[in-house]
Amino acid sequence: MESQILTSAEEEINALKAVRAGSIDEFQIIVDNYKKTLKIFVRQRVHNQDMVEDIVQDTFIKMYKNIHNFDLKKPLKPYLLQIATRTIIDAFRKNKIESSLIENVSYEEDYPLDTSQILSDLNPKQKNIFELLIEGYDYATISARVGMPLSTIKTIIRRTRQKFSKNKNL
């Protein structure tokens, strides 16, 4: 059986609703759609292939167990990456591995773990755009939600990232 590719937010929401209703087939579609992304994400942070496989599997198990708590209005990818991040930290703690990785794991490498100080320095428009980006929305969706041209959104995000980079190096 060839796996279906989730190409829209609506298809993703329908798959999540079906999983909530008990559909194992729809859960497998979600796994097939996000497994590669999660493996890459985890492999960048964990260099033991066995641990990578375990963490990816545990991430999907945790997602499945908590599917009823998931907000269907938000994209699934950031939710999965956050679960993976916490699972990585748990794995390191469980294995008592001392690593600076635990302090540096974030679901978006471009952003420091504590963005509250930087976000507080932004004007409300910039803050709203960047919060939507952190939540996992793509540029086009952000553009539509805030009613601004895509090029303006890209410029604001680029400038905000530059501000993050400057503050990160302090």
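The values are calculated or read from the model by the stated rules, or taken from the named source; none is laboratory data. Given the structure is predicted, the values throughout are model-derived calculations rather than measurements. So basically every Cβ, Gly included, is an ideal-geometry build from the backbone, and we count neighbours across all protein chains shown. Ligands, DNA and RNA are stripped out before the accessible areas are found, and what is left, the full protein with its side chains, is counted by its heavy atoms. Shrake-Rupley method; radii C 1.70, N 1.55, O 1.52, S 1.80 Å.
Points worth noting:
- Residue among K65, K36, K74 that is on the phi < 0 side of the Ramachandran plot, open to solvent by 70 Å² or more (accessible area, probe 1.4 Å) and touching a residue at least 24 places away in the same chain (Cβ under 8 Å): K74
- Top-ranked residue of segment 69-118 - restricted to ones that are hydrophobic (A, V, I, L, M, F, W, C), at pLDDT 70 or above and assigned to a loop (DSSP other than H, G, I, E, B), ranked as nearest to K17 (Cα to Cα): L72
- T59 of a type outside the set (D, E), out of contact with any helix residue (DSSP H, G or I) (no Cβ under 7 Å at 6 or more places or on another chain), assigned to a helix (DSSP H, G or I) and crowded, with 17+ Cβ neighbours inside 10 Å: no
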